[in-house]
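Written out below as structure tokens is the structure these notes cover.
Please treat every number below as a calculation from the coordinates, not as lab data. As the structure is a prediction and not an experimental result, all values here were calculated from the model. Here the Cβ is made from the backbone with ideal geometry for all residues, glycine too, and neighbour counts use every protein chain on show.
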Amino acid sequence: MSRGKKNASWISLLLIVGCLPGCQRKVVDAWSPNSDAARQIRDVVEPGESSQATAGLAKEPTGFATLRGVVQFNRKPNVPAGPSASGNDAKLCSPDDSALENTFLQVGPNNGLRNVAIWLTKPRRIPEDPKWIHEEYQAKRDAVLTGKDAFDQKKCVFVSPMFAMRSTQTVEILNSDSMLHNTKIEGDPGGGAAGANSGISGGGKVLYEPVGYSNQPFKVSCSIHGWMQSWMLVRPNPFFAVSDLNGGFEIAHLPAGIDMEFRVSHEGKFLSNDVEATRNGKPLTIKSGRLKLSGIEPNDVIELTFKLDAKNYE
């Protein structure tokens, strides 16, 4: 064996022996994360003004614009009835044995589709800089989402079938029912968004701090009531939105002067090229849920429309 290989072997052995007493790692409960540890992890996962965050950003924003739009069907789709409650809590969930609310396909009076998520995917890194992130967003960066902004479950369904938040925020997971719910958050290992699984007694609540982000929406379910399902999107920046019952959405204070890519999905399925998409009345290409926007000037209002074929959702 050569002298160099012998030295490398001795160094490897010393590292292994030295690490035995001190390299144990502590697993942190996802529901009760250590705040300091969470910040440290977040700094690694989501660097802010570091060179890694700004690498590859050849341009700087020239101001802010507004992105808004609407998602509608070409006609009124046939919406099936919601699920039926079963098991020991059936009478508590539905005292008259009627079907529960259908949260999977919620269509408004103008054929608008609720719970469509749209989020920025490129640039991948957004610096923590006032040129990029408006002061209105900065003020809510570390907010704890409570009350109407919390994630709730009521009448044995999730109140928010598509819930979105920033990875720097914390959200209250509420149980407005009288029975026990077991809220299982899948998380996204790819982006570092933590998974969690905890029973929440009637009227109770827990805090969820995702630490990392998700590349796309992930599932939330109740292990006790199998029909309960929702989706959650956790992003490292504030440039996302979820459509309301009229199909409308808006992202304010979008950085202008930057070429961008967004992704759009509903119930975990990406909108594709069978959707008629327009930007301010002109055709817009969308493929696998991805769409590109460029030529954004300060104070622009970008109007997007997505026309869906109802038969594809029946």
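Selection of region 234-247 for residues being in contact with a strand residue (DSSP E or B) (Cβ under 6 Å, 6 or more places away or on another chain) and surrounded by fewer than 18 Cβ atoms within 10 Å (Cβ to Cβ) yields only ASN246.
In region 149-164, the residues that are at positive phi reach residues that are outside any strand (DSSP E or B) and of a type in the set (D, E, K, R) with C-beta atoms within less than 8 angstrom, at least six apart or across chains, in these pairs: LYS155/GLU101; LYS155/ASP177; CYS156/ASP89; CYS156/ASP177.
In region 170-198, the residues that are in contact (Cβ under 8 Å) with a residue 60 or more places away in the chain and under 17 Å from PHE218 (Cα atoms) reach residues that are outside any strand (DSSP E or B) and acidic (Asp, Glu) with C-beta atoms within less than 7 angstrom, at least six apart or across chains, in these pairs: GLY195/GLU186.
Taking the stated definitions as given, is GLU128 touching a residue at least 40 places away in the same chain (Cβ under 8 Å), among the charged types (D, E, K, R) and surrounded by fewer than 13 Cβ atoms within 10 Å (Cβ to Cβ)? No: the conditions fail for GLU128.
For region 215-233, enumerate the residues that are hydroxyl-bearing (Ser, Thr, Tyr) and buried (at least 24 other Cβ atoms within 10 Å of the Cβ). Within region 215-233, just SER230 meets the criteria.
Only one of the numbered conditions (1) closer than 25 Å to ALA196 by Cβ; (2) touching a residue at least 60 places away in the same chain (Cβ under 8 Å); (3) touching a strand residue (DSSP E or B) at 6+ places or on another chain (Cβ under 7 Å); (4) not basic (Lys, Arg) is violated by LEU113, and that is (1). Looking only at region 179-216, which residues are among the hydroxyl-bearing types (Ser, Thr, Tyr) and farther than 22 Å from ASP89 by Cα? TYR208, TYR213, SER214, listed by residue number.
For region 105-137, the set of residues classified as among the polar types (S, T, N, Q) and part of a loop (DSSP other than H, G, I, E, B) consists of GLN106, ASN110, ASN111, ASN115, listed by residue number.
Scanning region 168-206 for residues that are touching an Asp or Glu at 6+ places or on another chain (Cβ under 7 Å) and either closer than 21 Å to GLN106 by Cβ or buried (at least 22 other Cβ atoms within 10 Å of the Cβ) (or both) yields THR168, LEU174, SER176.
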